[in-house]
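Nothing in this text is a laboratory measurement; each read-out follows from the coordinates by a stated rule. Computed from a predicted structure; not experimentally measured. Positions of Cβ are backbone-derived with ideal geometry, glycine not excepted, and every protein chain shown enters the neighbour counts.
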Amino acid sequence: MGGIFGVVSRSNCVTDLYFGTDYHSHLGTVRGGMAVWQGKEKGFSKKIHNIESVQFRAKFEDDLSGLDGNLGIGCISDTEPQPLTVYSHLGHYAITTVGRINNIEELVAKSIKANKAHFLEMSHSVINPTELIASLIDEEESFETGIKKVHSVIDGSCSLLVLDSEGIYAARDRYGRTPLIIGEKDGAYCVSSETCAFPNLGYRTMKELGPGEIVHITTEGVSQISAPGDQMKICAFLWIYYGYPSSSYEGVNVEDMRYRNGAALALKDNADVDLVAGIPDSGVAHAIGYSNQAKVPYGRPFIKYTPTWARSFMPQDQKIRDLVARMKLLPINDLIRGKRILFCDDSIVRGTQLRETAELLYASDAKEVHIRPACPPLLYGCPYLNFSRSKSELDLITRQAIRKIEGVVPESLDEYADPDSDKYNCMIECIRKKLNFTTLRYQNIFDMLDAIGIDHSKVCTYCWTGKK
């Protein structure tokens with residue numbers, strides 16, 4: 001996924017930039033970076049580190065003494081190293097992005113042919129997407145027209161920050177799939193993917209950018225460069241999974257939405273259980289909502305051991321990720337033995353970790369294991385954000401179940417997306433048996449959208465419906 005943060009201040013911005021960027025660490029685990037404008041004589045000072053095994057805050061602590069400036073941008077990335085610093089006809093600037101470019105090879109080839117441009121490769125002959133975005137911007141005569149071009153030519157999504165000597169250009173992706181929110185306090189403005197970065201740094205929410213909106217932030221204020229578009233498709237998984245509980249998007253808090261979503265799950269369920277629990281961490285709030293609605297005690301039969309274990313999806317190798325996920329969940333046998341337990345989780349992608357969780361519960365003498373995902377079955381890979389590391393849609397457990405049922409995966413999956421169809425029920429039963437659950441019941445898509453609470457048409461549900 002990834003997250004970005006920027007600061008424009010009348011005084012030194014480095015402390016705010018450091019902590020504000022760190023507050024996005026839940027969104028990425030591969031690279032972290034900061035770039036600070038230090039005046040015309042020194043230009044930009046940039047630091048990028050690998051954060052796969054060391055947290056952002058610890059990795060960058062030693063760099064703070066060498067940074068000094070009132071303008072800066074930072075990022076947490078699950079893919080490429082950034083921010084990048086660029087010198088072009090538009091001047092000297094730094095840039096950071098979040099999103100996904102599906103047609104990157106086509107755009108690179110076109111740029112090379114038209115402009116005789118060149119690009120620096122990362123590992124495995126991959127072009128840095130942020131470098132391509134900078135190149136596309138530089139083909140135009142201003143940052144405004146360059147960013148508009150980016151929005152018009154890429155297949156995917158791209159929200160970005162561009163920092164020059166005057167301030168920050170902030171642009172939300174064309175359809176608003178990822179948020180950008182501006183905060184303000186005396187003497188400073190910030191722009192952030194997550195509002196959880198605001199309170200402890202003293203910022204108040206000033207404005208959330210609309211889809212495709214471009215603004216310029218300076219010490220004098222925030223000016224709109226390009227108005228927002230009238231179409232929005234914000235990612236539902238911001239609330240379901242990867243948004244931080246204290247963050248809000250489109251005026252809707254993540255934790256509050258999860259309580260409502262869990263309650264909606266309980267309203268249509270008839271499971272007879274002794275305990276409701278959440279798969280830590282993103283399933284916990286959904287489970288609290290379920291527990292409160294169902295009047296069934298909430299408990300923690302699993303505790304996550306966090307002092308040394310990193311996030312479960314951090315390693316590149318799937319087997320190691322599964323191992324890390326298993327090793328960091330510690331069962332409490334006294335809360336499991338002989339109990340009928342219902343677990344809420346944010347979603348089921350491959351199902352590997354949940355199957356191992358169920359096996360661990362049975363090994364601890366659980367009587368029954370009921371699973372309630374907080375969203376519908378994932379039928380499609382996301383073409384807009386780097387939500388999952390799946391190399392193929394056949395990694396999805398739904399696709400595996402459909403192939404087992406039909407022999408092949410049909411071109412249309414509409415019946416499997418319809419919870420009232422026989423094929424849907426057959427798919428769910430196939431998944432339940434494979435993962436060894438007592439019962440399995442997914443959230444209904446309309447109940448999920450109602451729990452989010454904004455106009456349904458403004459929320460992207462592609463990974464469940466295949467509809468853009």
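As a proxy for reagent exposure, Met34, Met448 were ordered by neighbouring Cβ count within 10 angstrom, fewest first; the result is Met448, Met34. Think of the chain as a dipole: +1 on every Lys or Arg Cβ, -1 on every Asp or Glu Cβ, centred on the Cα centre; then among Ala263, Ser157, Ser223, Ala263 lies furthest on the positive end.
Mind pulling the angle between the C-alpha long axis of helix 284-294 and the longest principal axis of the chain? Nearest 10 degrees, somewhere in 0 to 90. For 284-294 against the chain, the angle is about 40 degrees.
Restriction of the GluC sites (Glu not before Pro) in the range 139-189 to DSSP coil positions whose beta-carbon has at most 14 other beta-carbons within 10 angstrom yields Glu141. Helix 422-435 against the longest principal axis of the chain: what's the angle in degrees, Cα atoms only, rounded to the nearest 10? Taking the Cα atoms of the chain, the angle to 422-435 is about 90 degrees. Across the range 3-232, C-alpha contacts under 8 Å between residues 6 or more apart give a mean separation that, scaled by the residue count, equals a relative contact order of 21 percent. Think of the chain as having a plus end and a minus end, set by charges on the Cβ of Lys, Arg, Asp and Glu; of Ser392, Thr21, Val191, Ser392 sits farthest toward the positive end of this dipole.
Summary of the geometry: the range 1-61 and the range 168-213, compared by the centres of their Cα atoms, lie 16 Å apart. Evaluated over the Cα positions of the range 253-465, the convex hull gives a direction-averaged projected area, one quarter of its surface, of 11.9 nm². Counted residue by residue at 0.36 nm each, then reduced by the alpha carbon distance between them, the extension gain from Thr15 to Asn103 reaches 28.0 nm.
Ranked for footprinting exposure by Cβ neighbours inside 10 Å, fewest first, Ser192, Ser111 give Ser111, Ser192.
Of the residues Phe56, Leu136, Gly351, the one whose Cα sits farthest toward the positive end of the charge dipole of the chain, with +1 on the Cβ of Lys and Arg and -1 on the Cβ of Asp and Glu, is Gly351.
Pairwise Cα separations in the range 234-298 fall into 10 Å bins from 0 onward with the following percentages, short to long: 24, 51, 22, 3. Taken over the range 1-137, the ratio of Cα radius of gyration to 2.2 N^0.38 Å equals 1.07. Computed over the alpha-carbon atoms, the chain gives an Rg to Rh ratio of 0.98, Rh here being the Kirkwood radius from the mean inverse distance. In a reduced charge model with +1 at each Lys and Arg Cβ and -1 at each Asp and Glu Cβ, the range 341-468 shows a dipole moment near 400 debye about its Cα centre. Residue ranges 418-429, 66-77 sort as 66-77, 418-429 when ordered by packing (mean number of other C-beta atoms within 10 Å per residue, highest first). Counting only Cβ charges, +1 for Lys and Arg and -1 for Asp and Glu, the dipole size of the range 253-465 around its Cα centre is about 760 debye.
Taking every C-alpha pair closer than 8 Å and separated by at least 6 residues, the mean separation divided by the residue count of the chain gives a relative contact order of 12 percent. For Trp239, Trp464, Trp37, the sequence from fewest to most other C-beta atoms within 10 Å is Trp464, Trp37, Trp239.
Stretching Thr218 away from Glu41 to a fully extended chain increases their span by 61.7 nm, per 0.36 nm per residue minus the current alpha-carbon distance. Across the range 185-254, Cα-Cα distances exceeding 17 Å account for 51% of all pairs. Overall dimensions of the range 337-399, expressed as equivalent-ellipsoid semi-axes from the Cα gyration tensor (√(5λ), whole Å, largest first), are 28, 12, 8. Eigenvalues of the alpha-carbon gyration tensor of the range 3-232, scaled by 5 and square-rooted, set the equivalent ellipsoid semi-axes at 25, 20, 17 angstrom, largest first. About the centre of its Cα atoms, the chain shows a dipole size close to 1100 debye [charges on the beta carbon of Lys, Arg (+1) and Asp, Glu (-1) only; nearest 20 debye]. Taking the longest Cα principal axis of the chain as reference, the axis of helix 129-138 is set at about 40 degrees. Seen from a random direction on average, the alpha-carbon convex hull of the range 409-468 projects onto 5.0 square nanometres. Counting pairs of alpha carbon atoms under 8 Å apart in space and at least six apart in sequence, what relative contact order in percent does the range 253-465 give? Relative contact order, the range 253-465: 20 percent.
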